[in-house]
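A.B. asks: Can you keep this structure in mind? I'll have questions shortly.
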């Protein structure tokens, strides 16, 4: 009886919303509104019925990951139809939550969380990242730029914004697989240091330093940024795609540490995903909970205004802000296409479940950036000299030469 009620709820929802989708059930029952279905949803288990009768984006993603449902169609259509099916157009409005992992984040927690996400398999990441293995938003000067080119343009964009000079000490917090420190050392002649909590990344960067002959200009450390000695001073500091792991409760310490490490007159660039609305720390329709459980344990988004305010409280003066939201949507769709092209090998490397996590997470994230549910900002700030001045070009011409 209850099962029949749920079947009816599901069918009524599809018909009411006029969705271009069909549903096949484990008992060979079908729901199909016509010949123009763009998405086929196959229900493999009765356990998925409750989620379909009262759906959310997070519930559907979880059911897909746990293989209780299968999804066929382009990822663009799957996410778009999923939003309509869940009536999830208000995903942007997620009130700030309390009691999440940011209240307990220690160095041990941070290390475990980074390892969970990044120490999956270097070979897996190679399948869908660019040739430099840059795992952050690319920079597309033209719509048809390749991912390889767009990532190199992003690295160059950052270096120009930081106004890097030969011989400067440069620190990259959360250096990933070393793309930025290698670019900065090879093209700008800086002395670059990267820090990461990922063992896989650390070992890869060490190998690349030797392979590239950069032993005199590059080094990498397996350590928490909070443990970088304050006796070390840097003219330039970057943090690309690491900010999302910090959390509101720790932002004062984060920007305060950067201030301590900067030479007077030095510059820092923070590149990170931000919440789209004030007073929120994630996405609605169960999306934040899905990401917390399966993708980024301990993830939290803050609004760009919060980041700038806390920078200012830590005596860092903001000199440049740029929103790259459309660029991240395009980057993510490139990653999705690459992952789908190599899905057989990906499944052999990490298994069906983890493949599904990455598949639905990146497709959903691309959609979220397109819809304006999240943003991506690059913020340049500096540590003024003792007289209050901050050496920085008067215009942005140096960025676009």
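A.B. asks: So how do 175, 159, 318 line up by other beta-carbon neighbours within 10 Å, fewest first?
C.D. replies: In increasing order of surrounding Cβ atoms, one gets 318, 159, 175.
A.B. asks: Right, something else. Please state the equivalent ellipsoid semi-axes for the range 2-85: what are the square roots of 5 times the Cα gyration tensor eigenvalues, largest first, in whole Å?
C.D. replies: After diagonalising the Cα gyration tensor, the semi-axes are 17, 15, 12 Å.
A.B. asks: So, one more: Expressed as a whole number of Å, what is the distance separating the alpha-carbon centroids of the range 295-368 and the range 156-229?
C.D. replies: 21
A.B. asks: Going by how many other beta carbons lie within 10 Å of each one, how would you line up 358, 373, fewest first?
C.D. replies: The most exposed by this proxy come first: 358, 373.
A.B. asks: Ranking 130, 172 by Cβ neighbours within 10 Å, fewest first, what do you get?
C.D. replies: 130, 172
A.B. asks: Once both axes come from the Cα atoms, what is the angle between helix 251-261 and the longest principal axis of the chain, in degrees from 0 to 90, rounded to 10?
C.D. replies: Between helix and principal axis, roughly 30 degrees.
A.B. asks: Now for a different question. For the range 119-151 and the range 43-79, write down the distance between their C-alpha centroids in whole Å.
C.D. replies: A separation of 28 Å, based on Cα centres.
A.B. asks: Something else about it: Give the span of the range 300-355's Cα atoms along each principal axis, as three whole-Å numbers ordered largest to smallest.
C.D. replies: Its Cα atoms span 50, 21, 14 Å along the three principal axes.
A.B. asks: Going out from 0 in 5 Å bins, what whole percent of all Cα-Cα distances in the range 253-401 drops into each bin?
C.D. replies: The percentages, shortest bin first, are 2, 9, 14, 16, 16, 13, 12, 9, 6, 3, 1, 0.
A.B. asks: For Rg/Rh (Cα atoms, Kirkwood Rh), the choices are (i) 1.19; (ii) 1.01; (iii) 1.80; which was calculated from the structure?
C.D. replies: Among (i) 1.19; (ii) 1.01; (iii) 1.80, the one derived from this structure is (ii).
A.B. asks: Taking the square root of 5 times each eigenvalue of the Cα gyration tensor, what semi-axes in Å does the equivalent ellipsoid of the range 194-242 have, largest first?
C.D. replies: Values: eigenvalues 72, 42, 20 Å².
Listed largest to smallest, the semi-axes of the range 194-242 are 19, 14, 10 Å.
A.B. asks: Averaging sequence separations of C-alpha pairs under 8 Å and six or more residues apart, then dividing by the length of the range 101-400, give the relative contact order as a whole percent.
C.D. replies: Numbers: 535 pairs, mean separation 63.0, N = 300.
Once normalised by length, the contact order is 21 percent.
A.B. asks: I want the antiparallel fraction of DSSP beta bridges within the range 101-400, as a percent rounded to 5.
C.D. replies: So the antiparallel bridges amount to about 40 percent of the total.
A.B. asks: Could you compute how fast the range 153-270 diffuses translationally, taking Rh as the Kirkwood radius over C-alpha pairs and applying Stokes-Einstein at 25 °C with viscosity 0.890 mPa s? Give it in µm² per second.
C.D. replies: My calculation gives 174 µm²/s for D.
Read-outs throughout are calculated quantities, based only on the coordinates presented, and are distinct from any laboratory measurement. Just so you know, these numbers come straight off a predicted model, no measurement behind them. FYI the Cβ positions are ideal-geometry reconstructions off the backbone, even for glycines, and counts take in every protein chain you see.
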